[in-house]
């Protein structure tokens, strides 16, 4: 696989995750019955993320290209265990011992994927940056409504 193809797949992954997350945060406020669906779909994106991390390693693209999808895959495993299986409430009241790693494993890999888009070109970088920051805005919107 060529590097450009790999980066296009990262582009699709990052923006799919961002769009699903935006929908999840908005749904928590506007359509609570649908919020879990978008969250589960975002968790399922851990599978293609893991596949891209493995492909990046096999292709020898280096740790800097495989780390972001690998970290996102780790986040989805963490989210699956904490949010779905064990149903541990850590957002309200805030349990920082869970919340901080949760947020770091979510936002850092997406920021890393956004950074990689610079290699594809300004347009890809801008699109991914817009969806990334829209996710941040949507998360604060949900947080301000008490359902972050």
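The values are calculated or read from the model by the stated rules, or taken from the named source; none is laboratory data. All values derive from a computational prediction rather than experimental measurement. Don't worry about glycine lacking a Cβ; one is built from the backbone with ideal geometry, like all the others, and counts go over all protein chains shown.
Among residues that are farther than 20 Å from residue 134 by Cβ, touching a helix residue (DSSP H, G or I) at 6+ places or on another chain (Cβ under 7 Å) and surrounded by 13 or more Cβ atoms within 10 Å (Cβ to Cβ), residue 57 is included. Checking 129, 60, 121, 56 one by one, the residue that is on the phi > 0 side of the Ramachandran plot and modelled with pLDDT of 95 or more is 121 and no other. Here 47, 100 are screened, and the one residue that is over 17 Å from residue 140 (Cα atoms) and either loosely packed, with under 13 Cβ neighbours inside 10 Å or at pLDDT 95 or above (or both) is 47. Residues in the range 80-89: is at least one buried (at least 19 other Cβ atoms within 10 Å of the Cβ) and at pLDDT 95 or above? Checking the range 80-89: not a single residue is buried (at least 19 other Cβ atoms within 10 Å of the Cβ) and at pLDDT 95 or above.
If you check 75, 65, which single one turns out to be modelled with pLDDT under 95, surrounded by 17 or more Cβ atoms within 10 Å (Cβ to Cβ) and within 16 Å of the chain's Cα centre (by Cα)? Reasoning before the result, please.
Values: 75 fails: modelled with pLDDT under 95.
Of 75, 65, the one residue that is modelled with pLDDT under 95, surrounded by 17 or more Cβ atoms within 10 Å (Cβ to Cβ) and within 16 Å of the chain's Cα centre (by Cα) is 65.
Residues of the range 102-143 being closer than 23 Å to residue 88 by Cβ and more than 13 Å from the chain's Cα centre (by Cα), which ones?
Taking the range 102-143 as the starting set, the residues that turn out to be closer than 23 Å to residue 88 by Cβ are 102-110, 135, 138-140, 142-143.
Residues satisfying the conditions are 138, 140, 142, 143.
Of the candidates 88, 98, the single residue that is outside any helix (DSSP H, G or I), without any contact (Cβ under 8 Å) to a residue 60 or more places away in the chain and in contact with a helix residue (DSSP H, G or I) (Cβ under 9 Å, 6 or more places away or on another chain) is 88.
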